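Input: a single structure, listed below in structure tokens.
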Amino acid sequence: TQLQPCFELNKDIILVVQAGFIGPWGEWHSSRFEKSEDQRAIVFALLKAVPKSIFLNVRTPHHLRAIFEDEYINHLTAKEAYGSSLRARVGWHNDALFCMPNDMGTYLSGRQEGLDWSSNHCRYSIFGGESVPGSENMPIEKVLAEMSQLHQTYLSSQWYTKTLEKWKSTPFKQTTAYNYISERLGYRLVLKELQYSKNPKEGEEFIVKIKIKRFL
């Protein structure tokens, strides 16, 4: 509630708010406040405090699914994503990206199951995170495959830079792995078709029609 004015004042530059508050570094572990009801209380309070234009991230897909317990198995659909559902505003962040076998406990139900579920949910929410010691060992082809499956939007450049430095020195597809990854975070809008009024006269309606494709 105290942070609400700050969120509102800066809503034009905030992409996502990580839920935080629980455990060391706000990463939702090693705390006595780890019950679903505690986590649910924080998430729903934040959804009230954070402007609707800003997404919220919790720490793992398990947390996200447990908070919205009546929809534990289901992932977001296009219909729900663009409606008024509170769940449509909540994604998750991985602060142990690319650290095999389960990203330091991120994937409680198994890595592949977590990736498959998130592939659908993260299509309509914000996903990102940071690497940790050990992340630099994952082959770059597998890194790119997981980032694509998770529709990754952002990657921290401030924590565990050893992974980033390795990517910068790794040649990949006529550039470096770092540059290749940087150019593929988030999505790109591509203009596919353009129609417009030709030779309009003064005072007449000028019509422009465009068709845009989003590449995830």
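Among the residues of segment 9-62, those identified as of a type in the set (Phe, Trp, Tyr) and either in contact with a Pro (Cβ under 9 Å, 6 or more places away or on another chain) or within 17 Å of Gly128 (Cβ to Cβ) (or both) are Trp25, Trp28, Phe55. What tally of residues in segment 18-47 results from selecting those that are under 20 Å from the mean Cα position of the chain (by Cα) and of a type in the set (Lys, Arg)? Residues meeting the conditions: 1. Of the helices (runs of 4 or more DSSP H) entirely within segment 1-95, those holding at least 1 residues that are in contact with a Leu (Cβ under 8 Å, 6 or more places away or on another chain) and either of a type in the set (A, V, I, L, M) or surrounded by fewer than 16 Cβ atoms within 10 Å (Cβ to Cβ) (or both) occupy 36-49. Looking only at residues in segment 123-177 that are aromatic (Phe, Trp, Tyr) and farther than 25 Å from Val58 by Cβ, the one that is least open to solvent (accessible area, probe 1.4 Å) is Trp167. Gly105 passes every criterion in (1) surrounded by 14 or more Cβ atoms within 10 Å (Cβ to Cβ); (2) in contact with a strand residue (DSSP E or B) (Cβ under 9 Å, 6 or more places away or on another chain); (3) in contact (Cβ under 8 Å) with a residue 60 or more places away in the chain apart from (1). In segment 1-27, the residues that are free of Cβ contacts under 8 Å to residues at least 40 places away in the same chain reach residues that are of a type in the set (S, T, N, Q) and part of a loop (DSSP other than H, G, I, E, B) with C-beta atoms within less than 8 angstrom, at least six apart or across chains, in these pairs: Ile22/Ser31; Gly23/Ser30; Gly23/Ser31; Pro24/Ser30; Pro24/Ser31.
Among the residues in segment 158-172, are any closer than 13 Å to Leu97 by Cβ, of a type in the set (S, T, N, Q) and at pLDDT 90 or above? The answer is yes; a qualifying residue exists. Of all residues in segment 163-175, those satisfying the criterion of being over 20 Å from the mean Cα position of the chain (by Cα) and closer than 26 Å to Gln112 by Cα are Lys166, Trp167, Phe172.
The values are calculated or read from the model by the stated rules, or taken from the named source; none is laboratory data. These numbers were taken from a predicted model, which means no experiment stands behind them. FYI the Cβ positions are ideal-geometry reconstructions off the backbone, even for glycines, and counts take in every protein chain you see. All accessible areas refer to the heavy atoms of the entire protein, side chains included, with ligands and DNA or RNA removed. Shrake-Rupley method; radii C 1.70, N 1.55, O 1.52, S 1.80 Å.
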